[in-house]
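First up is the structure itself, then whatever we jot down about it.
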Amino acid sequence: MAGSLAIAQSNSFHVKVPNLKGKEAKATLTFNDQAKNVEVRPAKQAPVAIPYSAIEKASYEYTTKRKMELAPEKAHWLEIDYHDGESRKTLVLEMRKHDAVPIQDALKAHTGIDAEVLGNADKRHGSIFGKH
């Protein structure tokens, strides 16, 4: 019983975030219901904690990016727009394909916010939402 309670209180996922040099850094995204915040813990960077109540909106986008002039690579992005005091900020996360839907589901379950879908919805629905 305690194990299922812990699952209900937080969900964690592996994501990537831009680092200070503009490159991708591995990070852990956690929806922490006990603290009522979204936590992002990048490797070798300071963690970020966003209170659920500070989140204004979120958006999901599926894109193709090129990696060192090789074949295109598909990418799933989540942007979380929030306020920190008087300033507005955006957190950008790159999600793994198989985590894109579970992360959006967790966002809705923990914060009550649905991510707005941007980009080519038909292509995205065929690739990941058909399996949901």
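For a footprinting-style exposure proxy, rank 59, 87 by other Cβ within 10 Å, fewest first.
Least crowded to most crowded, the residues run 87, 59.
What's the extension gain from residue 64 to residue 33 if we count 0.36 nm per residue and subtract their Cα-Cα distance?
Result for the pair: 7.9 nm of gain on full extension.
Can you compute log10 of I(q)/I(0) for the stretch 71-112 with the Debye formula, treating each Cα as one identical point scatterer, at q = 0.16, 0.25 Å⁻¹?
After summing over all Cα pairs, the log10 values are -0.52, -0.92.
Count charges around residue 16 for me, please; just the other residues with Cβ under 10 Å from its Cβ, Lys/Arg as +1, Asp/Glu as -1.
+1
All of the numbers you see were taken from the coordinates with simple rules; none came from a lab. Quantities reported herein were computed from a predicted structural model and do not represent experimental measurements. Methodologically, a virtual Cβ is constructed for each residue, glycine included, from the backbone with ideal geometry; neighbour enumeration extends over all protein chains shown.
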